[in-house]
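Everything below concerns the one structure shown next.
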Amino acid sequence: MNQNNNFRAHKKALKKARKRNNHKSYKKQIKKMERENNEKFSTQFDLLLDDIDNKIKKMNAKINVARAKISYRFNQLLPKKKNDEEKFLYDLINEFALQRKISFFLAATILLNVIFVNYQNSVDEEMERIRRAKQNPRLSISVQKYKEQIVDETVAIQIEKRQLLENAHVIISNIKIKPTEPTDEEKLAIVLDKYGITEYQFLYMVAVALLEAGKAPVEAELNYYDSCYDVISSGFNRINSASCINFVNSRMGQNAGFNIYNQFVCPGQYTVSKDEIRELLKEDLSVYGGYYAVLDMLYTSVPSHNYYRFVSEEVNRRKGYGGIKLRPYCDNCYHSEVLEYDRVSPGDFLPNYNKHLNDYLDYLEALQEYEEYSKSIQEEKILLLEPMQNSTIR
């Protein structure tokens with residue numbers, strides 16, 4: 001009896017096990033079908049193409065930066081001033097092109113044609129007069145006297161030519177040319193050299209600014225440019241503060257605090273999640289307005305405020321930091337200003353900082369001179385343009 005009961009129990013258990021195994025196999029089959037559906041060749045191929053596209057974009061960005069670096073370093077080797085005559089002629093043509101809103105080549109063609117045609121006309125008139133005089137010499141004039149007359153008239157032509165060039169130099173010397181602002185790639189090359197950082201370190205700071213202040217595309221109505229500018233300004237202020245530099249030195253080693261990137265990665269400073277930063281660095285950060293905020297601030301060295309710390313609005317209220325909101329749409333409250341007795345100059349410890357800062361100040365000075373010049377001749381330019389616009393070929 002016990003043997004029959006055991007057999008039935010064993011048979012029942014075996015039947016249950018078979019059902020259970022069949023159920024597991026069914027589940028595995030369903031999962032396999034779902035996986036195959038999700039991992040179709042077309043889907044995987046699209047992902048592969050997206051990955052290749054992102055890699056190409058990053059490669060192009062690196063190539064542009066490398067080109068800008070080479071261009072910048074090459075231009076530094078060239079003399080800043082050309083030959084005076086070449087510079088005068090170039091300035092005259094460039095100003096004419098700007099006034100008439102035409103290409104540099106077309107402006108050069110027109111101006112040079114006008115100058116030389118006018119000169120050639122005067123020369124042709126003199127030579128024609130000399131030719132006629134030679135064909136019909138007056139009997140009262142001796143051959144020697146006639147030769148002297150030809151020499152005198154030739155000298156007069158040379159003097160007229162020299163006077164024409166001198167007048168052109170006077171005109172050109174009074175013309176101001178609008179200075180050219182560096183491209184974004186050139187600005188990046190300057191920033192990397194100015195602060196002694198790598199492109200990765202620059203992008204890391206951009207990612208921190210975007211995560212601390214909010215990210216939005218450049219085309220967005222509100223792209224958080226200003227709030228990201230505030231965040232990078234706080235990092236810039238830290239390398240202008242001896243106490244902030246000493247704090248980073250105590251955490252990361254001697255002279256570490258002089259590097260603005262170290263101010264962002266030092267423990268106890270910016271508290272953005274490292275995982276979020278790593279994920280954001282996989283993107284093309286140049287699509288965000290915050291990228292250009294970081295680039296412009298570091299290029300100009302002009303911070304939007306004098307604070308080196310900030311906290312959320314809730315923490316500011318709870319702990320009584322007394323921080324202020326610089327942007328109504330951003331939660332950050334800034335506090336702890338750089339005091340004068342604590343202030344240092346990055347040019348004292350960054351070898352290339354002052355050189356690039358002086359270049360930027362020279363650019364601003366040249367731009368101001370051009371704007372004053374442009375304002376002073378505005379009425380004259382209008383009078384100059386109207387006849388050409390309304391004239392007809394005769």
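The values are calculated or read from the model by the stated rules, or taken from the named source; none is laboratory data. From a predicted model like this one, the values you see are computed outputs, not experimental measurements. Counting neighbours? That spans all protein chains shown, and the Cβs are built from the backbone with ideal geometry, glycine included. For the accessible areas, the whole protein counts, side chains as well, though only heavy atoms, and no ligand, DNA or RNA atoms are used. Shrake-Rupley method; radii C 1.70, N 1.55, O 1.52, S 1.80 Å.
Points worth noting:
- Full-extension gain in nm, Glu371 to Asp51, via 0.36 nm per residue minus C-alpha separation: 110.5 nm
- The relative contact order of segment 292-366 comes to 26 percent, based on Cα pairs under 8 Å that sit 6 or more residues apart.
- Mean separation of Cα contacts under 8 Å, 6 or more apart, over the residue count of segment 254-387: relative contact order %: 16 percent
- Accessible heavy-atom area order of Met297, Met252, highest first, probe of 1.4 Å: Met252, Met297
- Share of carbon and sulfur in the accessible area of segment 193-283 stands at 49%, probe radius 1.4 Å.
- In this label model, Ala66 and Glu340 are separated by 4.9 nm, measuring between points 7 Å along each Cα→Cβ vector.
- Full extension of the chain between Lys319 and Ser286 yields a length gain of 8.3 nm, computed as 0.36 nm times the residue separation minus the alpha carbon distance.
- Mean Cβ count within 10 Å, highest first, over the residues of peptides 197-205, 52-60, 179-187, 231-239: 231-239, 197-205, 179-187, 52-60
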